[in-house]
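For reference, the structure is listed below as structure tokens.
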Amino acid sequence: MAKEKKRKQKGKQPKQSQGKTMAERADRHVLYEKAVQAPDVEVEFLSKTYQQLRGRPALSLKEDFCGTASVAATWCQSDPAREAIGVDICTDTLAWGKFNNVEAAGDDVASRVTLLNADVREVFSPQVDITCAFNFSYCLFETRAELRRYFEGARRGLKPDGLLFLDLFGGTEAYQATTEETRLRGQKATYVWEQASFNPITHHMDCFIHFDFDDGSRLEKAFSYSWRMWILPEIKELLSEAGFSNVHIYWERYEEGDEDDEYMEGTGEYYEVEEVETQESWLSYIVAEV
């Protein structure tokens, strides 16, 4: 990175006045939530979309690949009648989420959130109104058979009028090795998203999240991802093969940035589409009906 190169040229080292660098003191899960998650926005989208498509409020949610369970906890905080299940195979991350998100929300919320240390492909009950798999987590299934099996299990775990919510990113830049930096508000740190490699034959990608701190230290490869860059037609076909009856695509609305900014900026607002123009980078929600 340019910042690292500049620091090395000047011969500076991370400050050690307090014994440890900012990177060594950092909690990677806190940084991750601030960098890439917006559970309030996601819960609002889940609620609004379910009401529009099903004509009733959704009360039960299963968050697959839940990690720190921020969506599950926020879901239950949003309505005292709501319940949630969080499923993740990583014991340590689940324990962090239980303490920092679920139990920290209070006894009432904690009593309505169930966390399961399990494979998402093996949890089918109790059936829920909504299952979500966000942050492209399902892309770790790199063959059609593996992904179809996950979708079949997700459908089995939904009520007769249930919905499966996924997200996906793409665009011409998605197939390139690239790095994007974003300053974290309220933090003395910068979030760095690195697409390290892409194989056009298999669509396999290796991606990393790093954090650069104001003292010059870095949390290198705080999170690593090895997955397939699926495309929307493939996802729609596999959902249909898994038994889902209808698939909706919701596209993020973009607007022009500052005069000096050559890129369009995402607004965080999504609308249903059937056709869009090619973009360098895009985000979408995929909603499948049982």
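Inspection of segment 229-245 finds a residue satisfying the criterion of being modelled with pLDDT of 95 or more and farther than 30 Å from PRO160 by Cβ.
Only residues that are touching a Cys at 6+ places or on another chain (Cβ under 9 Å), assigned to a helix (DSSP H, G or I), over 20 Å from PHE45 (Cα atoms) and among the hydrophobic types (A, V, I, L, M, F, W, C) were counted in segment 72-108, giving 3. Just give me the residues in segment 36-71 being under 29 Å from ALA189 (Cβ atoms), among the polar types (S, T, N, Q) and outside any helix (DSSP H, G or I), in sequence order. Scanning segment 36-71 gives GLN37, THR68. The residue of segment 53-101 that is surrounded by the fewest Cβ atoms within 10 Å (Cβ to Cβ), among those that are more than 15 Å from the chain's Cα centre (by Cα) and hydroxyl-bearing (Ser, Thr, Tyr), is THR91. Among the residues of segment 118-174, those identified as of a type in the set (S, T, N, Q) and either in contact with a Pro (Cβ under 8 Å, 6 or more places away or on another chain) or surrounded by 15 or more Cβ atoms within 10 Å (Cβ to Cβ) (or both) are GLN127, THR131, ASN135, SER137. Regarding GLU181, is this residue more than 30 Å from MET22 (Cα to Cα), within 21 Å of the chain's Cα centre (by Cα) and touching a residue at least 12 places away in the same chain (Cβ under 8 Å)? Against the criterion (more than 30 Å from MET22 (Cα to Cα), within 21 Å of the chain's Cα centre (by Cα) and touching a residue at least 12 places away in the same chain (Cβ under 8 Å)), GLU181 does not qualify. Note on segment 183-199: among residues that are in contact with a helix residue (DSSP H, G or I) (Cβ under 7 Å, 6 or more places away or on another chain) and not aliphatic (A, V, I, L, M), the one that is surrounded by the fewest Cβ atoms within 10 Å (Cβ to Cβ) is LYS188.
Taken as a whole, the condition of being farther than 28 Å from GLU44 by Cα, among the acidic types (Asp, Glu) and not in a strand (DSSP E or B) applies to GLU142.
Across segment 33-78, which residue is nearest to PHE169 (Cα to Cα) among those that are aliphatic (A, V, I, L, M) and touching a Leu at 6+ places or on another chain (Cβ under 8 Å)? Filtering first and then ranking leaves ALA35.
The values are calculated or read from the model by the stated rules, or taken from the named source; none is laboratory data. Treat the numbers as computed from the prediction; the structure is a model and nothing was measured. Because the Cβ atoms are built from the backbone with ideal geometry, glycine has one as well, and the counts that use them run over all protein chains shown.
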